[in-house]
Amino acid sequence: MRGQKLLGGFCGGVILTQHHVVTAAHCLFRKVNDTTAVTGTTILRASEVVIRVGSTYNDRGGSEHATSKTVVHEDYKYSKSYNNDVAVLVLSTSVSNYRSSSVQPAAIPPGGYVVPDNASVVAVGWGQTDENCINSSPLGLRHVGLRKVDRDTCAARYLIFFSYNNMLCAGLLGVGGAGICTGDSGGPLVYNGVVVGVTSFSMTCDDSFYPQVFTRVSNYTNWINNTGIAWPTQQQSVERPPPRRHAAAARCSPMPRANPPPPDATSGHVEPSSTS
């Protein structure tokens, strides 16, 4: 997903139907600049957002689709909180190679579904492989294997930034070395073939103390359904995700992240001393 002056340049997304993509709400905000400094943010118009599907490359291949409508969660407040970081995009044209070898719609969990603590999960995307190098985003799609982190641990480490019910944490605590990075926002966190999270924010790209944070999809299943999505019969959210072997971990990379900085934060990372 790319857009004019999109925060972070581009984001990831998850195909739900031939006309619908779910992503992070903060991906749809852009900087408003004067001649010297950023003065604020505003939401992108649907006409400014373009979706590429059917390619493992972020700059070529597949097909591009214009967006006719963006639906940002009504309780998402970009400058105030990371909570409710979810949005649905309605495409202007149908995805022509839908359900092919290159494009498969995602399954999402039913409302209230809980991923077991310490479960193996995988995040996917084109984010930077080195947080100190803005040119380190890979052209090819990457993935990273993580572990689900229990909510109490995540809440204790992120304090006011963490929403107990609306967020899901994953990482390699005590190990580090891999995780989501800039450019990964909006991409999927997958458990047993089901998209259980949407990449939202993190302290750093591969921190061993702070886990990465994702919007918990099962807490927004009803909201997503109420955006007007007509699900194919065979693609309803599943009660029990089918078993699936996860791929091996990769270094610091899954889908686009344009982490929304709270007031006075820098580099898109959470500042625990902030009051957002």
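Coordinate-derived values only; no laboratory data. Since this is a predicted model, take the numbers as computed values, not measurements. Backbone-built Cβ (ideal geometry, glycine too); neighbour counts: all protein chains shown.
Within region 43-84, report the GluC sites (Glu not before Pro) that DSSP leaves as loop and that have at most 12 other Cβ atoms within 10 Å.
Within region 43-84, the qualifying GluC sites (Glu not before Pro) (loop, at most 12 other Cβ atoms within 10 Å) are E74.
Using the number of other C-beta atoms within 10 angstrom as an exposure proxy, rank L172, L159 with the fewest first.
The order, fewest Cβ neighbours first, is L159, L172.
Note the per residue figure in Å³ for the convex hull of the C-alpha positions in region 73-225.
Hull volume normalised by residue count: 135 Å³.
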